[in-house]
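> I'd like to ask some things about the structure below.
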Amino acid sequence: MDTHLQSRLTAITVGTIAGVSMAGCQLNGPNDPSFDEASALDAAIASPPKTVALVEDQDGSGTANPGDVLEYTIVIENTGDVAATSVTYSDALDPNTAFVDRSATATQGTVGDFPQSPIDLGRIEPGATVTILFRVTVEDFSSEVVDVCNQGTVAGDNFSPVMTDDPDTPDASDPTCAAVFAGSLLIDIKPGSDPASINPKSRGVIPVAILGSAMFDVNDVDRTTITFGPADASPTHKALGHIEDVNDDGFMDLVTHYRTQESGIVQGDTEACVTGNELDGTSLGACDAIRTVGN
Ligand SMILES: [Ca+2]
Ligand SMILES: [Ca+2]
Ligand SMILES: [Ca+2]
Ligand SMILES: [Ca+2]
C-alpha cells in the first residue's frame, strides 16, 4: 500500500511535467523552423489513464479475491487541434480474469463484441473526452499470483497507437494492476471498534485481529509474512501475535500488534490493510476501516 501512495504522489508530479511539455509543443507553427506540417495535422491522444476499482467484494474483505468483480475506467482525451478519426480501443484481459458479459460501455461509439474485437469510438473532436468502463471477475488462480494486470491500446487513422497508463504509478504508459489474494481473510483493527480511531502521531501500538472462521484456521497463517499498513510494519513481540477469540464467535483469532510509527498510516487515511501468506504460500490480504484523529 505504501508504494501505491508514493506512486500516486509521483503521478501528480509526472502529470504536471507532461502538461508543461505539451504547452511547449503548441508554440510550434509555420514560423518555427522545426514546424512539420504533417505532424501538426495529427491528432494528439496522450496515454490514457486506466484505473481499476473493486466493485463487488463477495467476502467483505476490502480486497480482491476470486469471485470478486473489478471495474476498469479508461479516459481518452484528444489534446490536439484536429479531430482523431476511426479511433478504436482494444484490451487484452489478464488470464486470471473473465470479462463480465455486456459490462462494457463507452460514452460514444459502438462497443460491439469487446473484448474479442476493439470498441469502435469513431471520431474524437479536439478537446473531447471519451470514457470507457468494463468489468471483470477474478477467477480462481494458483496461490503465487497476487497481481492481475492489463493494458489497453488506443489506435486511429491520424495518430500513433498509444497504450494506457496506470496513473497510480510513476512509469508512463504502464499496465494497470490490482492486487488479488487467493485466501479469504477478514481483519478487525482495534477489535470491536468500527472505524478504529488512530492518531498517526501516537507512540503506541495498534492491535489488529486476523479473524478465524469455519473456512479459515488462523493457525495456518505464516506469522513471519504478515505486515500491516502502508509502510508494511511487522508485528511486535517475539511470538508475532497470540491466539484468542476476540469476537466471541467460537472461532479462534490471531491478535497481532504494530507500532503506529512503523505502520505508515497518515492523517486522513480511511482504511488500513494486512497482507501475508498462509504456511502453504496462499496469499492473504484484508482491509478494515480506520478514522484518524489528532493533527
Ligand atoms: Ca474480497
Ligand atoms: Ca503510470
Ligand atoms: Ca475495527
Ligand atoms: Ca473469533
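> Quick check on this structure: which one of D232, D248 is in the same structural domain as V221 (by TED's automatic domain parsing) and within 15 Å of ligand 4 (Cβ to nearest atom)?
So the residue among D232, D248 that is in the same structural domain as V221 (by TED's automatic domain parsing) and within 15 Å of ligand 4 (Cβ to nearest atom) is D248.
> Another one. Anything in region 65-95 that is buried (at least 18 other Cβ atoms within 10 Å of the Cβ), within 16 Å of ligand 1 (Cβ to nearest atom) and modelled with pLDDT of 95 or more? List them, or say none.
Hits for region 65-95 are D68, V69, L70.
> Does region 76-97 hold any residues that are assigned to a strand (DSSP E or B) and within 25 Å of P167 (Cβ to Cβ), and which are they? Break it down stepwise before answering.
Start the filter on region 76-97 by keeping residues that are assigned to a strand (DSSP E or B), which leaves 76-78, 84-91, 97.
Matches in region 76-97: I76, E77, N78, A84, V87, T88, Y89, S90, D91, T97.
> Within region 231-244, is there a residue that is without any contact (Cβ under 8 Å) to a residue 40 or more places away in the chain, assigned to a strand (DSSP E or B) and among the hydrophobic types (A, V, I, L, M, F, W, C)? First the steps, then the outcome.
Step one: list which residues in region 231-244 are without any contact (Cβ under 8 Å) to a residue 40 or more places away in the chain, which gives 233-244.
Still in the running and assigned to a strand (DSSP E or B): 233, 242-244.
Restricting the remaining residues to those that are among the hydrophobic types (A, V, I, L, M, F, W, C) gives 233, 243.
Taking every residue of region 231-244 in turn, at least one turns out to be without any contact (Cβ under 8 Å) to a residue 40 or more places away in the chain, assigned to a strand (DSSP E or B) and among the hydrophobic types (A, V, I, L, M, F, W, C).
The values are calculated or read from the model by the stated rules, or taken from the named source; none is laboratory data. Just so you know, these numbers come straight off a predicted model, no measurement behind them. Because the Cβ atoms are built from the backbone with ideal geometry, glycine has one as well, and the counts that use them run over all protein chains shown.
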